[in-house]
1. Residues that are surrounded by fewer than 18 Cβ atoms within 10 Å (Cβ to Cβ) and touching a Ser or Thr at 6+ places or on another chain (Cβ under 7 Å): find the helices (runs of 4 or more DSSP H) completely inside segment 206-315 holding 2 or more of those.
2. Tell me, yes or no, whether segment 73-89 has at least one residue that is farther than 30 Å from Glu238 by Cβ and surrounded by 20 or more Cβ atoms within 10 Å (Cβ to Cβ).
3. So which residues in segment 143-192 are in a helix (DSSP H, G or I), surrounded by fewer than 18 Cβ atoms within 10 Å (Cβ to Cβ) and not hydroxyl-bearing (Ser, Thr, Tyr)?
4. So is Arg195 under 18 Å from Leu82 (Cβ atoms), open to solvent by 50 Å² or more (accessible area, probe 1.4 Å) and modelled with pLDDT under 85 or not?
5. Only residues that are in contact with a strand residue (DSSP E or B) (Cβ under 7 Å, 6 or more places away or on another chain) and assigned to a loop (DSSP other than H, G, I, E, B): list them for segment 131-142, please.
6. Please pick out the residue among Ala49, Ala58, Ala102 that is among the hydrophobic types (A, V, I, L, M, F, W, C) and at pLDDT below 95.
7. State all residues of segment 19-68 that are open to solvent by 50 Å² or more (accessible area, probe 1.4 Å), within 20 Å of Gly167 (Cα to Cα) and touching a Ser or Thr at 6+ places or on another chain (Cβ under 8 Å); if no residue qualifies, say none.
8. All but one of (1) on the phi > 0 side of the Ramachandran plot; (2) in contact (Cβ under 8 Å) with a residue 40 or more places away in the chain hold for Leu259; state the number of the condition that does not hold.
Amino acid sequence: MQYQVRSSALAGFDRLVVELGGDPLALLEAEHLHPSALASADMMLSYRAVARLLTRSARQLECADFGYRLGQRQGLELLGALGVYLCIQDSLFDAFEVGLKALDYHVQGIHIDAVGEHGCTEFRLGFAFEGELDCQQLRQLTLSNIANIVSELSGGQCVPCQPLTHGASTLVFASADLAQPVNTSEVMRQRLFARWRRQAPSRPSPQQVPVDEAVTRAILALLPTGDVSLVSIARVLELPARTLQYRLRQCGSSYGVLLQGCRRQLACQWLEQTEFTVTDIALRLGYAEPAVFNRAFKGWYGVSPSQWRLGERAF
């Protein structure tokens, strides 16, 4: 099974390696990862290769807490449109649940469970390939990243019950703290919004993303959450819904056309790269019934999703 992760998982990697006296490009090359992974947040990388890269880096740089240090440099900004969406959730726990729904879009092969007991909520991680690879550094990175995101969403008010160290295997918060409202500052939200609207992979320099491209990226990020209404996408783009519709018409597109395009893209991606059942994919794409998804897919490609997965193509 192939598991992938967005290249945003390596944000800050090059700077950390250089600070520790290493060569980030040599480390990437050793795991057959392209240097462009450090320049884009939206490439899909082998999750196993990233796990090996972190382990190799920790060993060669003699830094046992490498994953933990890297995670400390990451947070909401890595999530793009999803990061903005988390900021408008009612509570920290609501934001966490939304994040879990969208997890497969950002990373495949990780399982995160929230277990409540004795007034605490413990986050436990599992990796589909941990029986074959050393995942200690990957676990460090993920726990540290989650702690940073929770801190940012709470305005620094929600911290783990025990200080997070590089040897930690789980993350524990007081359940009452996770029930508190999301409390990101307006400055934070504006920074998140500005950054993801300017992260255009096809452009060599930062600039405003065209509205149809911004809508497409927002839909792709939020589709797995189940909430991709025009109103929700407009909130993420900080535009009135009517204004968004008008701007899309100006560039010759519409929300419905872009939504269908995103569904087609994710349907093919999940059929080819995951073990999700056709029913799972249909529900993740927002279809009420698998039969409706099957009809739509056959209209797009001339074959059923199951036939596509088997390599059959009508055109």
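The values are calculated or read from the model by the stated rules, or taken from the named source; none is laboratory data. The shown structure was predicted, so the numbers you read here are calculated from the model rather than taken from an experiment. Ideal geometry is used to build each Cβ from the backbone, glycine not excepted, and the neighbour counts take in all protein chains shown. The protein model used for the area step is the full one, side chains on, heavy atoms only, and it has no ligands, DNA or RNA in it. Shrake-Rupley method; radii C 1.70, N 1.55, O 1.52, S 1.80 Å.
1. 290-301
2. Start the filter on segment 73-89 by keeping residues that are farther than 30 Å from Glu238 by Cβ, which leaves none.
No, every residue in segment 73-89 fails to be farther than 30 Å from Glu238 by Cβ and surrounded by 20 or more Cβ atoms within 10 Å (Cβ to Cβ).
3. Of the residues in segment 143-192, the ones in a helix (DSSP H, G or I) are 143-153, 175-178, 186-192.
When the remaining residues are screened for being surrounded by fewer than 18 Cβ atoms within 10 Å (Cβ to Cβ), the result is 151, 175-176, 186-187, 189-191.
Ala176, Glu186, Val187, Arg189, Gln190, Arg191 - these are the residues of segment 143-192 that are in a helix (DSSP H, G or I), surrounded by fewer than 18 Cβ atoms within 10 Å (Cβ to Cβ) and not hydroxyl-bearing (Ser, Thr, Tyr).
4. Working: under 18 Å from Leu82 (Cβ atoms): yes; open to solvent by 50 Å² or more (accessible area, probe 1.4 Å): yes; modelled with pLDDT under 85: yes.
Answer is yes for this residue.
5. Within segment 131-142, Cys135 is the sole residue that qualifies.
6. Numbers: Ala49 fails: at pLDDT below 95; Ala58 fails: at pLDDT below 95.
Matching residue, one of Ala49, Ala58, Ala102: Ala102.
7. Once the filter is applied, which keeps residues that are open to solvent by 50 Å² or more (accessible area, probe 1.4 Å), within 20 Å of Gly167 (Cα to Cα) and touching a Ser or Thr at 6+ places or on another chain (Cβ under 8 Å), segment 19-68 yields only Tyr68.
8. (1)
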